[in-house]
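One structure is given below, encoded as structure tokens.
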Amino acid sequence: KDFEIIDKKQIPNTAELKNEEKEKTEEARWSAPILSLARKASENLALSYGNALKSSSLVGFISKPVSNDSTAKTSARHHAMEERANLMSMMKLSIKTLIQSALSLGRTLDSDFPPLQQFFVVLEHCLKHGLKAKKTFIGQNKSFFGPLELVEKLCPEASDIATSVKNLPELKTAVGRGRAWLYLALMQKKLADYLKVLLDHKQLLSEFYEPDALMMEEEGAVIVGLLVGLNVIDANLCLKGEDLDSQVGVIDFSLYLKETQDSDGQQDGGITAVLDQKHYVEELNRHLSCTVADLQNKIDCLEKTNSKLQEELAAATDRIGSLQEEQQQLKQQNELIRERSEKSVEVTKEDTKVELDTYKQSRQGLDEMYSDVWKQLKEEKKIRLELEKELELQIGMKTEMEIAMKLLEKDTHEKQDTLVALRQQLEEVKAINLQMFHKSQNAECSLQQKTEAISSFEGKANEMMSSMKQMEERLQHAEKARQAAEERCNKMKQELAGRLDTCRQQISQLDSK
């Protein structure tokens, strides 16, 4: 499907070749190496596409036994490498001829310029290489517009191209949209930049291309580098009025098959060129015969699907008739349901009137209950405020009791200090008494001489004993006062605890109300 028979008028004869060689002697400097590359590319392309078409035509019709899987894989890889090399060489030739022809013209290019058309054809072949087929209702479909749509997500600058392509009404297929996208990108001089963005995200391209596709290998990066040279070209391509959907992408090798030799071998060169192009046309015809067989098989498949669709259409018409009958039955049922619903509506209206009367009566009772409850709530609020005031008073009494307890504790500490001082005095008095007793024992021998002194000392001892008794009585009174104070404190604590419990109970009752 990628080839088309070239008209015989497009193939130059020997006389035309001679005239062109005489007139364009300046182009002979660079066209000589192009001939060898074009021959090699044409031979490789013919072989590769012939093998591919043969294999595609035989797939599904003839089952060949495979002896070894590894040999098949290696041959497929070798075949893919040859295809990439061929497309690479053709891309180089098309870019070189486009740049040189554009520079020689010295003006902006339009869509009718043949080298520019051939450049887009070769670029389309490169983008189609290794595309994964998407299954549709009719069959399998391959479109290179799917990868190009990713550029809008990866590069926001390409959103203008995407919107303009979508807004073109004459484009109905994905192939046409892809060609329009390439035209607009070339006019913006950003075709190389957009394809480079795609190659930088190969994990996204793997959804559309096979692993051995040209865009997944190093040749894709080389092609992007070659496309940078097209930024020197100014192109003005009009998309309106062009039928991009039905264009057939055919590589015309006649643009590259130009050869210049010396004056002695001009005639031989023209004959060899004609023979080469004759072989090329024969090869194309052979490949086209294979594609015709494929198309015939596809036509058979489409006829089968058409017959199936006609059968489905007949079944659908029968189904429509049955549905119309069901629709009439449903209309009759709908009328019966409508009559019943009208009767039920009248009954429901009477019921609603009775319910409204009962609702009004119940509403009056509820309003009275609401007023009573509101009065009770106000009374309970007043009671709660009074209880809160009492609680504040109780809290003040508690603080005062705590202050009184602290004062009593201070008094008890002071009395304990006085008791300690009195005990020390008692101990001192006891020590003095012991000294006096020792002195009395020492002075027993002189009792008779010192009876007066003894009497005086006895009086003093009696006085000391009386003072001792007084001190003991004071100590007993202080202990009794301390015990009484402790009892008072305990009683006060118990009373306060009881009052606090009662207040808490009252507060909890109020909260519950």
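The values are calculated or read from the model by the stated rules, or taken from the named source; none is laboratory data. The structure presented is a predicted model; accordingly, all values stated were derived computationally and were not measured. Reconstructed Cβ throughout: ideal geometry from the backbone, glycine too, with neighbour counts over all protein chains shown. Ligands, DNA and RNA are stripped out before the accessible areas are found, and what is left, the full protein with its side chains, is counted by its heavy atoms. Shrake-Rupley method; radii C 1.70, N 1.55, O 1.52, S 1.80 Å.
So if R0 is 41 Å, what FRET efficiency would Val228 and Thr71 give, r being the distance between their Cβ atoms, rounded to the nearest 0.05?
0.55
Arrange the peptides 302-308, 89-95 so that the one whose residues have, on average, the most other Cβ atoms within 10 Å appears first.
Taking the mean over residues of other Cβ atoms within 10 Å, the ranking is 89-95, 302-308.
Rounded to a whole number, what % of the accessible area of the stretch 78-253 do carbon and sulfur atoms account for, probe 1.4 Å?
Ligands and nucleic acids excluded, carbon and sulfur reach 54 percent.
Between the alpha-carbon centers of the stretch 375-434 and the stretch 312-352, tell me the distance in whole angstrom.
Cα centres, the stretch 375-434 to the stretch 312-352: 93 Å.
Can you pull the one-decimal nm distance between simple spin-label points at Leu323 and Glu390, each 7 Å off the Cα toward Cβ?
The two pseudo-label positions are separated by 8.3 nm.
Could you calculate the contour length gain from Glu452 to Asp243, that is, 0.36 nm times the residue separation minus the distance between their Cα atoms, to one decimal place in nm?
Full extension from Glu452 to Asp243 adds 59.1 nm.
Amide H to amide H under 5 Å from Ala235: which residues, 5+ apart in sequence or cross-chain, H placed 1.01 Å off N in plane?
Under 5 Å from the amide H of Ala235: Leu109.
Nearest 0.05, what FRET efficiency do Thr291 and Leu168 give at R0 = 30 Å with Cβ-Cβ as r?
After rounding, the FRET efficiency stands at 0.55.
Treating only the Cβ of Lys, Arg, Asp and Glu as charged (+1, +1, -1, -1), what charge dipole size does the stretch 78-253 show about its Cα centre? Round to the nearest 20 debye.
Using Cβ point charges on Lys, Arg, Asp and Glu, the stretch 78-253 gives about 200 debye.
For Val429 and His477, calculate 0.36 nm times their separation in residues minus their Cα-Cα distance, and state this gained length in nm to one decimal.
Answer, rounded to one decimal: 15.2 nm.
Over the stretch 78-253, give the accessible area per residue in Å² for a 1.4 Å probe, as an integer.
About 47 Å² of surface per residue is accessible.
Find the Rg to Rh ratio for the stretch 81-133, where Rh is the Kirkwood radius over alpha-carbon pairs and Rg uses the same atoms.
Using only Cα positions, Rg/Rh for the stretch 81-133 is 1.07.
What are the residues whose amide H is under 5 Å from the amide H of Tyr209, where those residues sit 5 or more places off or on another chain and H is modelled from the backbone?
Residues meeting the amide H criterion: Lys132.
Step through the table entries Lys389/Lys480; Lys132/Lys196; Lys92/Lys196; Lys96/Lys298, compare each Cα-Cα distance with 29 Å, and write down the pairs that go over it.
Lys389/Lys480; Lys96/Lys298
Evaluate the stretch 78-253: find the radius of gyration of its Cα atoms, find its Kirkwood radius, and give the ratio Rg to Rh.
Radius of gyration relative to Kirkwood radius: 0.94.
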